[in-house]
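> Take a look at the following structure, please.
The values are calculated or read from the model by the stated rules, or taken from the named source; none is laboratory data. Predicted model only: the values in this text are computed from it and were never measured. Methodologically, a virtual Cβ is constructed for each residue, glycine included, from the backbone with ideal geometry; neighbour enumeration extends over all protein chains shown.
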Amino acid sequence: AQSVTQLGSHVSVSEGALVLLRCNYSSSVPPYLFWYVQYPNQGLQLLLKYTTGATLVKGINGFEAEFKKSETSFHLTKPSAHMSDAAEYFCAVSDGDAGNMLTFGGGTRLMVKP
Amino acid sequence: DTAVSQTPKYLVTQMGNDKSIKCEQNLGHDTMYWYKQDSKKFLKIMFSYNNKELIINETVPNRFSPKSPDKAHLNLHINSLELGDSAVYFCASSQDWGGNYGYTFGSGTRLTVV
(Lines give C-alpha, C1' and ligand atoms only; values in the text may rest on other atoms or scores of the structure.)
Protein backbone atom coordinates (compact mmCIF):
# COMPACT_ATOMS: atom_id res chain seq x y z
CA ALA A 1 0.00 0.00 0.00
CA GLN A 2 1.23 3.47 -0.75
CA SER A 3 0.77 6.65 1.24
CA VAL A 4 1.72 10.31 1.14
CA THR A 5 2.45 12.68 4.00
CA GLN A 6 2.60 16.40 3.51
CA LEU A 7 4.26 18.14 6.43
CA GLY A 8 2.49 21.34 7.30
CA SER A 9 -1.14 21.85 6.40
CA HIS A 10 -0.47 25.60 6.13
CA VAL A 11 2.65 27.38 4.93
CA SER A 12 3.00 31.16 4.88
CA VAL A 13 5.74 33.00 3.00
CA SER A 14 6.39 36.58 1.99
CA GLU A 15 6.23 37.59 -1.63
CA GLY A 16 9.65 37.00 -3.17
CA ALA A 17 10.68 34.43 -0.58
CA LEU A 18 11.54 30.80 -1.19
CA VAL A 19 8.64 28.36 -1.27
CA LEU A 20 9.25 24.88 0.17
CA LEU A 21 6.40 22.41 0.45
CA ARG A 22 7.30 19.04 1.90
CA CYS A 23 6.14 15.65 0.73
CA ASN A 24 7.19 12.19 1.92
CA TYR A 25 5.83 9.01 0.44
CA SER A 26 5.67 5.34 1.15
CA SER A 27 5.65 2.85 -1.69
CA SER A 28 6.72 -0.75 -2.07
CA VAL A 29 7.91 -0.19 -5.64
CA PRO A 30 9.62 2.69 -7.42
CA PRO A 31 7.00 5.39 -7.28
CA TYR A 32 5.56 7.81 -9.75
CA LEU A 33 5.19 11.15 -8.00
CA PHE A 34 3.09 14.18 -8.75
CA TRP A 35 2.35 17.65 -7.49
CA TYR A 36 -1.01 19.26 -8.16
CA VAL A 37 -2.27 22.76 -7.43
CA GLN A 38 -5.86 23.69 -6.63
CA TYR A 39 -7.00 27.29 -6.80
CA PRO A 40 -10.18 28.26 -4.94
CA ASN A 41 -13.31 26.70 -6.38
CA GLN A 42 -11.38 24.98 -9.14
CA GLY A 43 -10.21 21.50 -9.99
CA LEU A 44 -6.68 20.19 -9.56
CA GLN A 45 -4.05 21.12 -12.11
CA LEU A 46 -0.89 19.11 -12.67
CA LEU A 47 2.24 21.08 -11.73
CA LEU A 48 4.88 18.46 -12.41
CA LYS A 49 5.57 14.77 -12.27
CA TYR A 50 8.42 12.33 -11.74
CA THR A 51 8.32 8.94 -13.40
CA THR A 52 11.87 7.87 -14.27
CA GLY A 53 15.13 9.54 -15.24
CA ALA A 54 16.31 12.90 -13.94
CA THR A 55 15.42 13.29 -10.30
CA LEU A 56 15.02 17.06 -10.50
CA VAL A 57 11.88 17.86 -12.42
CA LYS A 58 10.65 21.24 -13.52
CA GLY A 59 7.03 22.16 -13.79
CA ILE A 60 4.81 25.05 -14.65
CA ASN A 61 4.86 28.48 -13.01
CA GLY A 62 8.51 28.16 -11.97
CA PHE A 63 8.04 25.22 -9.61
CA GLU A 64 10.37 22.28 -9.37
CA ALA A 65 10.70 19.18 -7.24
CA GLU A 66 13.45 16.71 -6.50
CA PHE A 67 12.95 12.99 -6.02
CA LYS A 68 15.19 11.67 -3.25
CA LYS A 69 14.85 7.94 -2.95
CA SER A 70 17.01 7.67 0.18
CA GLU A 71 14.77 10.15 1.97
CA THR A 72 11.52 8.98 0.31
CA SER A 73 10.82 12.63 -0.38
CA PHE A 74 9.55 14.75 -3.24
CA HIS A 75 9.60 18.31 -1.95
CA LEU A 76 8.25 21.16 -4.06
CA THR A 77 10.18 24.44 -4.33
CA LYS A 78 10.01 27.78 -6.04
CA PRO A 79 12.78 30.38 -5.65
CA SER A 80 10.52 33.42 -5.40
CA ALA A 81 6.88 33.37 -4.36
CA HIS A 82 4.25 35.41 -6.16
CA MET A 83 0.89 36.41 -4.80
CA SER A 84 -0.70 34.30 -7.51
CA ASP A 85 0.91 31.17 -6.03
CA ALA A 86 -1.50 31.22 -3.10
CA ALA A 87 -3.43 27.96 -3.41
CA GLU A 88 -3.74 24.43 -2.08
CA TYR A 89 -0.98 22.04 -3.15
CA PHE A 90 -1.29 18.27 -3.23
CA CYS A 91 1.41 15.66 -3.51
CA ALA A 92 0.38 12.30 -4.96
CA VAL A 93 1.95 8.89 -5.54
CA SER A 94 1.25 6.01 -7.89
CA ASP A 95 3.08 2.75 -8.34
CA GLY A 96 2.23 2.78 -12.02
CA ASP A 97 0.55 -0.60 -12.09
CA ALA A 98 -2.50 -1.08 -14.21
CA GLY A 99 -5.59 -0.42 -12.21
CA ASN A 100 -3.74 1.58 -9.62
CA MET A 101 -4.99 4.95 -8.60
CA LEU A 102 -3.28 8.08 -7.37
CA THR A 103 -3.06 8.42 -3.62
CA PHE A 104 -3.02 12.01 -2.45
CA GLY A 105 -1.54 13.67 0.58
CA GLY A 106 -3.67 15.85 2.81
CA GLY A 107 -2.69 19.04 1.02
CA THR A 108 -0.78 22.17 2.03
CA ARG A 109 -2.30 25.59 1.84
CA LEU A 110 0.24 28.12 0.68
CA MET A 111 -0.36 31.71 1.75
CA VAL A 112 1.71 34.54 0.28
CA LYS A 113 2.03 37.76 2.22
CA PRO A 114 2.67 41.05 0.43
CA ASP B 1 -13.04 23.27 -25.19
CA THR B 2 -13.06 21.94 -21.63
CA ALA B 3 -11.06 18.71 -21.36
CA VAL B 4 -12.99 17.20 -18.46
CA SER B 5 -16.38 18.72 -17.80
CA GLN B 6 -18.77 18.03 -14.95
CA THR B 7 -22.38 19.01 -14.51
CA PRO B 8 -23.84 20.43 -12.45
CA LYS B 9 -21.26 22.65 -10.76
CA TYR B 10 -23.46 23.07 -7.69
CA LEU B 11 -26.12 20.69 -6.40
CA VAL B 12 -28.28 21.30 -3.34
CA THR B 13 -30.71 18.56 -2.41
CA GLN B 14 -32.58 17.07 0.50
CA MET B 15 -31.69 13.97 2.46
CA GLY B 16 -33.11 10.82 0.98
CA ASN B 17 -33.13 12.05 -2.61
CA ASP B 18 -31.36 10.36 -5.51
CA LYS B 19 -29.07 12.45 -7.70
CA SER B 20 -26.60 12.07 -10.54
CA ILE B 21 -23.48 13.96 -11.51
CA LYS B 22 -22.33 13.78 -15.10
CA CYS B 23 -18.76 13.74 -16.38
CA GLU B 24 -17.45 13.89 -19.91
CA GLN B 25 -13.89 13.97 -21.23
CA ASN B 26 -12.83 14.87 -24.76
CA LEU B 27 -9.20 13.85 -24.39
CA GLY B 28 -9.59 10.35 -25.74
CA HIS B 29 -8.36 8.97 -22.43
CA ASP B 30 -8.92 5.34 -21.55
CA THR B 31 -9.51 5.64 -17.82
CA MET B 32 -11.81 7.78 -15.71
CA TYR B 33 -12.13 8.29 -11.97
CA TRP B 34 -14.30 9.79 -9.30
CA TYR B 35 -12.79 11.44 -6.24
CA LYS B 36 -14.48 12.91 -3.19
CA GLN B 37 -12.96 15.97 -1.49
CA ASP B 38 -14.20 16.58 2.03
CA SER B 39 -14.40 19.85 3.93
CA LYS B 40 -10.77 19.46 5.05
CA LYS B 41 -9.66 19.17 1.41
CA PHE B 42 -8.80 15.49 1.77
CA LEU B 43 -9.11 13.67 -1.56
CA LYS B 44 -10.42 10.12 -1.52
CA ILE B 45 -10.62 7.85 -4.56
CA MET B 46 -14.05 6.38 -5.10
CA PHE B 47 -13.94 4.58 -8.43
CA SER B 48 -11.66 3.83 -11.32
CA TYR B 49 -13.11 2.73 -14.66
CA ASN B 50 -11.24 1.44 -17.70
CA ASN B 51 -12.71 -0.27 -20.73
CA LYS B 52 -15.66 -1.61 -18.81
CA GLU B 53 -13.55 -2.74 -15.87
CA LEU B 54 -14.52 -1.10 -12.64
CA ILE B 55 -12.45 -0.87 -9.51
CA ILE B 56 -14.31 0.25 -6.45
CA ASN B 57 -12.79 1.63 -3.30
CA GLU B 58 -14.12 -0.75 -0.68
CA THR B 59 -14.92 2.08 1.69
CA VAL B 60 -17.45 3.63 -0.69
CA PRO B 61 -21.06 2.92 0.33
CA ASN B 62 -23.06 0.96 -2.20
CA ARG B 63 -25.44 3.92 -2.47
CA PHE B 64 -22.84 5.29 -4.85
CA SER B 65 -22.70 3.76 -8.32
CA PRO B 66 -20.74 4.81 -11.40
CA LYS B 67 -22.32 4.45 -14.80
CA SER B 68 -20.37 4.63 -18.05
CA PRO B 69 -22.40 4.73 -21.28
CA ASP B 70 -19.18 5.01 -23.30
CA LYS B 71 -15.47 5.64 -22.91
CA ALA B 72 -15.88 9.43 -22.78
CA HIS B 73 -18.46 9.48 -20.01
CA LEU B 74 -18.52 8.35 -16.40
CA ASN B 75 -21.51 9.47 -14.39
CA LEU B 76 -21.95 9.16 -10.64
CA HIS B 77 -25.32 8.17 -9.26
CA ILE B 78 -26.07 8.52 -5.57
CA ASN B 79 -29.10 6.96 -3.88
CA SER B 80 -30.67 7.97 -0.59
CA LEU B 81 -28.44 10.97 -0.02
CA GLU B 82 -27.17 11.58 3.50
CA LEU B 83 -25.79 14.69 5.19
CA GLY B 84 -22.31 13.16 5.18
CA ASP B 85 -22.34 12.97 1.41
CA SER B 86 -21.90 16.73 1.28
CA ALA B 87 -18.55 17.33 -0.41
CA VAL B 88 -16.95 18.32 -3.67
CA TYR B 89 -16.85 15.50 -6.19
CA PHE B 90 -14.18 15.51 -8.86
CA CYS B 91 -14.11 13.55 -12.05
CA ALA B 92 -10.72 12.86 -13.63
CA SER B 93 -9.28 11.00 -16.57
CA SER B 94 -5.90 9.58 -17.46
CA GLN B 95 -4.23 8.47 -20.63
CA ASP B 96 -3.34 5.06 -19.24
CA TRP B 97 -4.65 2.57 -16.71
CA GLY B 98 -1.88 3.26 -14.23
CA GLY B 99 -2.16 7.05 -14.26
CA ASN B 100 1.53 7.29 -15.09
CA TYR B 101 1.03 10.53 -16.98
CA GLY B 102 -1.05 12.07 -14.26
CA TYR B 103 -4.72 12.87 -14.23
CA THR B 104 -6.75 15.66 -15.79
CA PHE B 105 -9.41 16.85 -13.39
CA GLY B 106 -12.76 18.44 -13.92
CA SER B 107 -13.66 21.58 -12.01
CA GLY B 108 -15.76 19.72 -9.47
CA THR B 109 -19.36 19.45 -8.33
CA ARG B 110 -20.17 20.88 -4.92
CA LEU B 111 -22.90 18.71 -3.42
CA THR B 112 -24.79 20.02 -0.41
CA VAL B 113 -27.28 17.76 1.30
CA VAL B 114 -29.75 19.52 3.61
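> Considering every residue within segment B:12-30, establish whether at least one is at pLDDT below 95, within 15 Å of B:SER94 (Cβ to Cβ) and buried (at least 19 other Cβ atoms within 10 Å of the Cβ).
Yes - at least one qualifying residue is present in segment B:12-30.
> Moving on. Go through segment A:25-46 and give me each residue that's of a type in the set (S, T, N, Q) and closer than 21 Å to A:LYS58 by Cβ.
Listed by number, the residues that qualify are A:GLN38, A:GLN45.
> Regarding B:VAL113, is this residue in contact with a helix residue (DSSP H, G or I) (Cβ under 7 Å, 6 or more places away or on another chain), over 21 Å from A:GLN38 (Cβ atoms) and either at pLDDT below 90 or surrounded by 15 or more Cβ atoms within 10 Å (Cβ to Cβ) (or both)?
So B:VAL113 passes the test.
> Is it true that A:LEU21 is buried (at least 20 other Cβ atoms within 10 Å of the Cβ), touching a strand residue (DSSP E or B) at 6+ places or on another chain (Cβ under 7 Å) and within 30 Å of B:ALA87 (Cα to Cα)?
yes
> Does segment A:76-114 hold any residues that are surrounded by fewer than 19 Cβ atoms within 10 Å (Cβ to Cβ), of a type outside the set (Gly, Ala, Ser) and more than 12 Å from chain B (Cβ to nearest Cβ), and which are they?
If the condition is that a residue be surrounded by fewer than 19 Cβ atoms within 10 Å (Cβ to Cβ), of a type outside the set (Gly, Ala, Ser) and more than 12 Å from chain B (Cβ to nearest Cβ), then A:THR77, A:PRO79, A:HIS82, A:MET83, A:MET111, A:LYS113, A:PRO114 are the ones that fit.
> Moving to a separate point now. Determine whether B:ASN51 is under 20 Å from A:VAL93 (Cβ atoms), of a type outside the set (Asp, Glu), surrounded by fewer than 19 Cβ atoms within 10 Å (Cβ to Cβ) and modelled with pLDDT under 90.
no
> A follow-up question, please. Can you name the residue in segment A:1-59 that is in contact with a helix residue (DSSP H, G or I) (Cβ under 7 Å, 6 or more places away or on another chain) and more than 14 Å from chain B (Cβ to nearest Cβ) and is also farthest from B:ALA92 (Cα to Cα) among such residues?
A:GLU15
> If you check A:GLY53, A:GLY16, which single one turns out to be in contact (Cβ under 8 Å) with a residue 40 or more places away in the chain, on the phi > 0 side of the Ramachandran plot and more than 12 Å from the chain's Cα centre (by Cα)?
A:GLY16
> I've got another one for you. For segment B:76-96, give me each residue that is modelled with pLDDT of 95 or more, over 16 Å from B:GLY16 (Cβ atoms) and not small (Gly, Ala, Ser).
Hits for segment B:76-96 are B:LEU76, B:VAL88, B:TYR89, B:PHE90, B:CYS91.
> Only strands (runs of 3 or more DSSP E) wholly contained in segment B:1-106 count here; list those with 3 or more residues that are within 12 Å of chain A (Cβ to nearest Cβ).
Of the strands (runs of 3 or more DSSP E) lying wholly inside segment B:1-106, those with at least 3 residues that are within 12 Å of chain A (Cβ to nearest Cβ) span B:4-7, B:31-37, B:43-50, B:53-56, B:87-94, B:103-105.
> Select from segment B:73-90 the residues that are of a type in the set (A, V, I, L, M, F, W, C) and either within 10 Å of the chain's Cα centre (by Cα) or surrounded by fewer than 16 Cβ atoms within 10 Å (Cβ to Cβ) (or both) and list them in ascending order.
B:LEU74, B:LEU76, B:LEU83, B:VAL88, B:PHE90 - these are the residues of segment B:73-90 that are of a type in the set (A, V, I, L, M, F, W, C) and either within 10 Å of the chain's Cα centre (by Cα) or surrounded by fewer than 16 Cβ atoms within 10 Å (Cβ to Cβ) (or both).
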